[in-house]
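This report refers to the structure that appears directly beneath it.
We did not get these values from a lab; they are worked out from the coordinates using the rules stated. None of the values given here were measured: they were computed from a predicted structure. Please note: Cβ atoms are built from the backbone with ideal geometry, for glycine as well, and neighbour counts cover all protein chains shown.
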Amino acid sequence: MPALTTAAPAAPLIALVGLPNSGKTTVFNALTGSNYRTVNYPGSTVDCAIGAADLDNRRARVMDLPGITSLDGPSPDEQVAIRALFGDSPHGAPSVYVAIADSTQLPRHLYPAKRLIDAGYRVVVAVTMVDILNKRKHLSFDAEALSRELGCPVVRVDARTGVGLKELRRQTGLLLEAPTTDRAARPAPLSAGDISARYQFLENVTARVVTTSTSKTPLEHRLSICMPDPLTARLDRVFLHPAWGFLVFAAIMTAIFTSIFWLAQPMMDGIDRLFSAAAAWLQAVLPDVWLTRLLTDGVILGVGAVAVFIPQIVILFLALGFLEDSGYLSRGAMIVDKPLAMVGLSGRAFVPILSGFACAIPAMLSTRTIPSARERLLTIFILPLMVCSARLPVYGLLIAFLTPPGMAWLGGLGMTALYLFSVLAGLLAAALFGKIFRLEKSVRPSLLLELPAIRRPKLRVALATTYHRTKSYIQKAGGTILCIAVALWALTHLPPRTHLDESAQLAGSYAAVLGQWLEPVMRPLGLDWRVGVALICAFAAREVFVGALALVLMVSAGGDAIEGPLILAMRNATLADGSPLFTFSSCVGLIIFFGFALQCMSTVAVSRKETGGWYIPTVQLVAFTALAYLSALAAVQGLRWAGIA
């Protein structure tokens, strides 16, 4: 009879709880070594994240929860947190709660912690933003005094620099070792009078633990605690100004989108040469057989054609990281609140839209912080129109093809124009979708935000965030790119005909047979079946278009670069009648097609999940694809009619 085995007990669970923008996810990253996305904007965490941490020589699980303002919050992201907070999740019930509180807003930020403490839960309070409080004249924070007032451990923490993390681990570990008691009951909803009494208590506590070295009346002291950071106040006079604020916002966005094109070029050239050199070396040392050509021309050059554009993606992620860590994002939301309100949105849609420039999938998830169902659906609907990182390789190639040599600045302006075009197209789509499909109307969306203090962004934090985002992108897209590169190489080289040259082999391949079905659709766009095959491949992932195009245009190893030969192959490619395949009009048509087309099937799946059905994703897929083709057709034919081939 086999011996009975028992599963090892799960490591104790530590729950991080706090208001939005309290620094909760930054503490989570520091404790676990994870890099779950940190956004300096209320409500950035929209699901529970789990990581492992060593707490005073004891292994534990740490759970990052969406920000909550109370234990009875109504919004979807708050409900996720509250259910997990009290054990209604696959991870079980937390053993200890680490309550994160912003020292500059202690009464509000201590309210959830006070509720948990009063209900008998084991709580450690981690106070953040003390460096900002200390910048205010004559103010200091007394952690020991707050610990006595609340009756629980209190630790000063700055997760961005590592200050206080060791003590936080120690105090949490001590609570885990404390004798277990009966499970505390979930706190019952409070009356308005009880809520007011608790806030009054916490305001009095704050006045005692945030001390001043100058002689002030109690009222003056309380007012000084609530005063904003002086530097933040000065900068906000510019950032939130109706005219100057918009100009600063436009300048920042333009600088980011322009740098994506021209600043990345040296790094792109280096990656370009690296992949090409690797392919040429393998071709030289391996026998000239089909497996060698599959490895060099199919795998290395197919993947390398997309990898060349990773520096552009890195620059985008790095810029977003600096904006997030500095606290500017919520200012941007305030600036664009009025323009967004004209199409039924509010500034809360700003962060999902900005996230859409990286990837539509996390952007759709971040819409859970939008309380209005109508506004949330509108935001999800327009997100696929944003210039995501997967479009960057396509735009980078087509813009490089159209940009005259030595005029990289012109390509940078073109890239900026595409980002602006995507935002305008999204706003127009939101206005039309809301009216055509008669979504339930609501009152004008309002935006109430607690603006975080402006802080100098930490290069280490921004680099770490960029690294993990880029790694996630490569992991997500790399397998798809590799599989399609191998499959498409096989389609372009089968059935084998060794007595034919490459162009004749391609013309008689399975890829050509598939492409012939697409020829009638591609011809009005000034393109042929080869581009049609690359477009079909791009429905798995948009960036695959570049590698697929390199394969169908028979770009081979042997040169000193990939991008250069690909652009040269594009310039030399001709239609059946001998006219150029890639012209100004046909490239503009392709850019417009990719601007509208919903080609990422993962986005369709997430849209279905977040909207609760197939209605909206089906409308997105059909409407955006039809709009992409018709718009591209109108642009190509219009340019030809104007004499611009």
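Numerical summary
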| item | result |
| --- | --- |
| Cα gyration tensor, the stretch 316-455 - rounded (a/c under 1.5), prolate or oblate | oblate |
| Packing-based exposure ordering (other Cβ within 10 Å, fewest first) of I50, I256 | I50, I256 |
| Length released on extending from M342 to L263, taking residue separation times 0.36 nm less the Cα-Cα span | 24.9 nm |
| Dimensionless Rg/Rh of the chain - Kirkwood Rh, Rg from C-alpha atoms | 1.03 |
| Cβ-Cβ FRET estimate between D88 and W244, R0 fixed at 45 Å, reported to 0.05 | 0.40 |
| Space enclosed by the convex hull of the alpha-carbon atoms of the stretch 273-326, per residue, Å³ | 68 Å³ |
| Full-extension gain in nm, R59 to A373, via 0.36 nm per residue minus C-alpha separation | 109.0 nm |
| Loop trypsin sites (Lys or Arg not before Pro), the stretch 311-375, which have at most 15 other Cβ atoms in a 10 Å radius of their Cβ (DSSP) | none |
| For the chain, with +1 on Lys and Arg beta carbons and -1 on Asp and Glu, the positive-most of P94, Q620, L286 along the dipole | P94 |
| Gyration tensor (Cα) of the stretch 48-172, equivalent ellipsoid semi-axes in angstrom | 24, 18, 14 |
| Order of S276, S259 under a 10 Å beta carbon neighbour criterion, fewest first | S259, S276 |
| Rounded FRET efficiency, nearest 0.05, which uses the C-beta distance separating L514 from L424 and R0 of 60 Å | 0.95 |
| Separation in nanometres of the label points that stand 7 Å from Cα toward Cβ, at I195 and D131 | 3.5 nm |
| Which of H468, H493 has the fewest Cβ neighbours within 10 Å, and the rest in rising order | H468, H493 |
| Filter on K24/K476; K114/K471; K435/K476; K435/K471 - keep pairs with C-alpha separation over 29 Å | K114/K471; K435/K476; K435/K471 |
| The chain: relative contact order in percent, alpha carbon pairs under 8 Å with at least 6 residues between | 13 percent |
